[in-house]
1. Can you grab the distance from the C-alpha centre of region 102-176 to the C-alpha centre of region 43-100, Å, no decimals?
2. Ordered by packing density, taken as the mean number of other Cβ atoms within 10 Å over each peptide's residues, highest first, how do 45-53, 61-69, 92-100 rank?
3. Region 41-175: D in µm²/s via Stokes-Einstein (Kirkwood Rh, Cα pairs, 10 °C, 1.306 mPa s)?
């Protein structure tokens, strides 16, 4: 009779548990991938969409593909470029990402994968995902961020909140240190 136990059996259990945990987890990128078995109501290649607040253009976005079902969020995939505009209609920043979701009800934009926001005023934000809040005109992230200011200082942290041109920003959990000047 074989006995189960010992280091070999523990390794198998750790391996099985890890595989189970990985199969049950999901990341943001996998949540927005199109299902190959699903036929979408709308599938548009090289779309350009616009998001308005009242009658003012706030975001203009392009991508390689847009998919959407009636009443559901729009999914943009492939080289997403979203241009942000202020109340006067002037361009103030551009967001680049692998994919994005435009929420049907709120018109918020959630960007995923290699997200970079470059403001016309010289600031740059990098993260794996961000939320642009249409109502409050804020860019936020709960993920890790790299923020570069106009003097080319780079700040790392976790959690971020800013206006659309990145000039008024807050990093919630600063990582690193600054060297003092003499």
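1. That distance is 16 Å.
2. Working: 45-53: 13.4, 61-69: 19.2, 92-100: 21.4.
The packing order, highest mean first, is 92-100, 61-69, 45-53.
3. 107
A short reminder: the numbers here are calculations on the coordinates, not readings from a lab. Since this is a predicted model, take the numbers as computed values, not measurements. Heads up, the Cβs are rebuilt from the backbone with ideal geometry, glycines too, and the neighbour counts pull from every protein chain shown.
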